[in-house]
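Written below as structure tokens is the structure these notes are about.
Each value in this text was obtained by applying a stated rule to the coordinates, not by laboratory testing. Note that the structure is predicted; figures quoted are calculated from it, not measured. We place every Cβ from the backbone using ideal geometry, glycine too, and count neighbours over all the protein chains shown.
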Amino acid sequence: MKTAILFVIMLLVLIIPHELGHMIVAKLVGVKVNEFSVGMGPLLLKRKKGETQYSLRLLPLGGFCALEGEEEMSDDERAYNNKSPLQKIAILLAGITMNVFIAIVVMTVVAIISGVPTNKIASVENNTPAYEAGIRAGDRIVEIDGIRVSSWEGVTEKISGYQEGDMKIVVRNDEGSRTFTLKPEYDKENKRYVIGIVTSIEKKPLLSVKYGVKSTWNLTKMMIKAFQDILTRGIQKDDVSGPVGLVKIVGQTQSHGIEAYLILLALVSLNLAFFNIIPIPGLDGGKIFFIFLKIITGGRIGDEMEYKATMVGMVILFSIFIFVTINDVMNLF
């Protein structure tokens, strides 16, 4: 039951901001929003405020923001089809942008809860290169081999990348700056070079926000790398997962604490943004692609062709959904 609740919460956190982004920008550029719906399928609740109907539907597997003139041509001057290409693109990108923003917010919350590892040393293990060189707890590493470092990530990257020779480390504390020379030792268990230090964890609002942005960027790079690998070796059945597989993963995060669940939420939000920007007709990226195509061809690509392409795109998306769902169900056994 707990897994189901966490799964629904995750979907709502992903869906509502995405569709809200579309609606906010649509209203800002003067487009009439007919309906804002959370969920798909049969209508459960509805309330009209102004010109927009706000709906709650049975299936929490998606949502939509129904704009005047988006699906069918409208003569209304506030219709989507009567807006400029730039305004249309802004509306379409708003949902994707909100998913990236949610990922940043979630990773910032993770940092607030867990703290952020810094370049300040909490402790030094005995009989290690750092201890023998004279580095002590409270020192803050600010430079390694002439390269300035300001984060724990920067420190570990430089130490792990050690090749040969002496390593010069500059630390700063209340007494000033000092330079130490040492040789990192190879940790066979973790397969990387270490010097025997433990990072200090700090909980500061500004540091947490910085961590949220940086970790979101790192997750994005990881996703791009994974996508490049798929293109290189071809897609495998374990590379894709749908709602059923996500439920299983959500259940697995419970034993690892709230931080694991939040990181998964951020990762899925970024995946949703990345997936939506792909130029497949029916997705936001596909709509943006057709806007540029119409500009390039001088309008020779008509709405009818876009509609047909969208229908094909929807068939492709539905086929993918069926494939990943079957794959997820088979992986349960």
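Here are some notes:
- Taking amide H positions as modeled 1.01 Å from N, with prolines and chain starts lacking one, the residues under 5 Å from residue 199 and 5 or more places away or on another chain are 122.
- Remark on residue 34: its backbone amide H falls under 5 Å from those of 66, 67, 68, a criterion applied only to residues 5 or more positions apart or on other chains, H modelled at 1.01 Å from N.
- A dipole drawn for the chain from +1 and -1 charges on Cβ atoms has a positive end, and of 218, 135, 302 the residue lying farthest that way is 135.
- Gain upon complete extension [residue 125, residue 175; 0.36 nm per residue less C-alpha separation]: 15.8 nm
- Under the Debye formula (equal points on every Cα, no solvent term), log10 I(q)/I(0) of segment 116-202 at q = 0.12, 0.14, 0.24 Å⁻¹: -0.30, -0.41, -1.34
- The string of couplings for segment 128-141 from the Karplus curve (6.51, -1.76, 1.60, θ = phi - 60°) is 10, x, 5, 5, 5, 6, x, 6, 10, 4, x, 5, 10, 6 Hz, one whole number per residue in order, with x for Gly and Pro.
- Taking the Cα centre of the chain as reference, the dipole from Cβ charges on Lys and Arg (+1) and Asp and Glu (-1) amounts to some 400 debye.
- Considering only 322, 267, 186, and ranking their Cα positions along the charge dipole of the chain that arises from unit charges at the beta-carbon of Lys, Arg, Asp and Glu, the one farthest toward the positive end is 267.
- Segment residue 230..residue 188, full-extension length gain: 12.1 nm, with 0.36 nm per residue of separation and the alpha-carbon distance subtracted.
- Rounded Å value of the spacing that divides the Cα centres of segment 263-297 and segment 181-225: 31 Å
- Amide proton proximity set for residue 61, modelled H, under 5 Å, gap of 5+: 40
- Segment 5-59: GluC sites (Glu not before Pro) in DSSP coil with no more than 16 other Cβ atoms inside 10 Å: 51
- In the chain, Cα pairs under 8 Å separated by at least six residues give a relative contact order of 16 percent.
- Debye, to nearest 20: dipole size of segment 147-298, +1 on Lys, Arg Cβ, -1 on Asp, Glu Cβ: 340 debye
- Placing a label point 7 Å from the Cα of residue 223 along the Cα-to-Cβ direction, the residues of segment 258-273 whose backbone N falls under 16 Å from that point are 262-273.
- Spacing of the two label points (7 Å from each Cα toward its C-beta) at residue 35 and residue 202, in nm: 5.1 nm
- Mean separation of Cα contacts under 8 Å, 6 or more apart, over the residue count of segment 116-202: relative contact order %: 40 percent
- A simple rule links phi to the HN-Hα coupling: the Karplus curve 6.51 cos²θ - 1.76 cosθ + 1.60 with θ = phi - 60°, which for segment 8-18 gives 5, 4, 4, 4, 5, 5, 7, 7, 4, x, 4 Hz, with x for Gly and Pro.
- Whole-Hz couplings from phi, Karplus 6.51/-1.76/1.60, listed for segment 30-39; x for Gly and Pro: x, 8, 6, 9, 6, 8, 10, 10, 9, x
- Taking the helices alone, the chain has a mean residue ellipticity at 222 nm of -18000 deg cm²/dmol, built from -39,500 (n - 2.57) per DSSP H run of at least 4 residues and averaged over all its residues.
- Cβ-Cβ FRET estimate between residue 258 and residue 86, R0 fixed at 35 Å, reported to 0.05: 0.30
- Over the chain, the reciprocal of the mean inverse Cα-Cα separation, the Kirkwood hydrodynamic radius, stands at 23.4 Å.
- Total charge dipole magnitude, segment 116-202, about the Cα centre, Cβ charges on Lys, Arg, Asp, Glu only, Debye to nearest 20: 100 debye
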